[in-house]
Amino acid sequence: MTDIAPGWLAARTVHFPGGCRAFNGFDPLLEFEPALVGGRRIRSTVRAYPTLYADLKALELAPIGVDFISSPRDLQMAAPANWRSFHPWPDTVWPCQDEADKWAQIGHAGAKIEDSGLWDIARRVSHQLRVATWRLRQVSDAYRDQLRSRTEGGSFRAGQRFEDAFTWLGYLALQTFLVDACVLRDYLAEFYARYVCPDRTLVGPNLITSMSGLKKRVLDKLDSADPVTAELKKATAAGGWLQVLGSYRDLVVHCVPLARADASLMALSTEMQIKGTESLPAISLPLPNDPSAISKARAAGEHLSRPKEEMTFFVKANRGEAPSMDGLIYAYISLDQLTKLARLVGSKSPVEPQVPHITDADVIGEIKVTRG
C-alpha cells in the first residue's frame, strides 16, 4: 500500500470475457493477463483513476466486472473480494449493487409499516441480486483457471477445442449461476404476484412463488398495457429471454449436467482482441444451442443411443462447429437482464425505498466508527 499515485483510491482487477484480466494498481500502469504465448505481457496506462473504464473502451474492451482492493485486509484476502459486475447503463455502471441496495431499502420501508410480507420478499430479492452477481464472478474465476492451465502449461492453440480437468469445473460454475439466477427470477415473480399484478382475481388465494406459476395462472390470462406485465409476458413467451434462461436451468436440474448436455461440451481456445496491439489468449465454454430440445430428446430416451455419437464428436473435436453461445457472456447478459427486470418490478413497489438511519436511541451503548 505504498507509492500510491495522487488520486488513486484503490487497486483494481478488471474481469473480461474469456478469462482475461487486467490489473491496475495504485498508479497508472495497466497490465493484462495472461501473457502472450511467447511469455511477453501486454501493458498500457490509465490517464487517471476515474478514466479506467473510458480508457478500456478506447481499446475496444468491455469489462464484465471489477475487484477493488483498497485496504490491507483486501490484499491479505482476509475479507471477501469487493466485487462489482460492470454494466454501462445510461445512469450507472454498477446497477446490480444499486438495485440490491434499493431492494434492501424497500424491505426496510416494509418493516417500518409492519408489512412482514413485503419486508421478507424484498430482502430475499436484495440477497439474490448479490448472490447472482457473485455467481458471475465465480464463473469468471473458473474461466481464468481454465485459461491459466492452457497458457502456463504451454498447450494453448487458438481455435483448438479441448477438455481437461478444469473444463467440468467451469461448467459447474455455470450450472450454479443458472440455478441462482432462476431463484432471483422466481422471487421477482412472487413480488409481482403479491404487489404489482393489476388483476388480483387472477392471483387467487394461493401464493405464487415461481415464474412458471405466474405465467400459467396470471400472465397467459392477463390483458394489460402495464409495462411490467408487458415485459414479463414477452420475456416468458417462447424464445423470450426468461423462457430460455429457464430452459437452461431445467436442463441441468432435471435432466443432465451441463458439461454432458450435448454429447461432451468441450472448451474452445479463442483470443481477446485489444485495439492497436496483439490479441490475448482466451477461452470459451460453449452452451448447447437448444436446451429445450435436449430435454425433450432425453425424456424420449434418445440419449441412450449416444455412445457412438460421442466418440465421433471427440474425433471431430478440432474441426467441427462449436455451439455459438459462450457461457460467461450468457451469464453476464442474463444478469444484466435480471437486474433491469428487478428495477422495473421494484418501480411498482407499494412503498418508496427508505435508507435505514441508526441513532444512539437504536443501540445499547455508544456508536463507534472504526476505519481500516
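All of the numbers you see were taken from the coordinates with simple rules; none came from a lab. Given the structure is predicted, the values throughout are model-derived calculations rather than measurements. In this analysis, Cβ positions are derived from the backbone assuming ideal geometry, glycine residues included, and neighbour counts consider all displayed protein chains.
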| field | the chain: relative contact order as a whole-number percent, Cα under 8 Å and 6+ apart | value | 20
| request: Step through the residues of the range 164-172 one at a time and calculate ³J(HN,Hα) from phi using the Karplus curve (6.51 cos²θ - 1.76 cosθ + 1.60, θ = phi - 60°), rounding each to whole Hz and writing x for Gly and Pro. | output: 9, 5, 8, 5, 5, 5, x, 5, 5
| Whole-Hz couplings from phi, Karplus 6.51/-1.76/1.60, listed for the range 192-202; x for Gly and Pro | 4, 4, 8, 10, 10, 3, x, 10, 5, 5, 6
| Taking the Cα atoms of the range 174-274 alone, what are Rg (to one decimal) and Dmax (as a whole number) in Å? | 16.8, 56
| query | For 127, 254, what's the fewest-to-most ordering of other Cβ within 10 Å of each Cβ? | reply | 254, 127
| query | When 283, 329, 64 are ordered from fewest to most other Cβ atoms inside 10 Å of their Cβ, what list results? | reply | 329, 64, 283
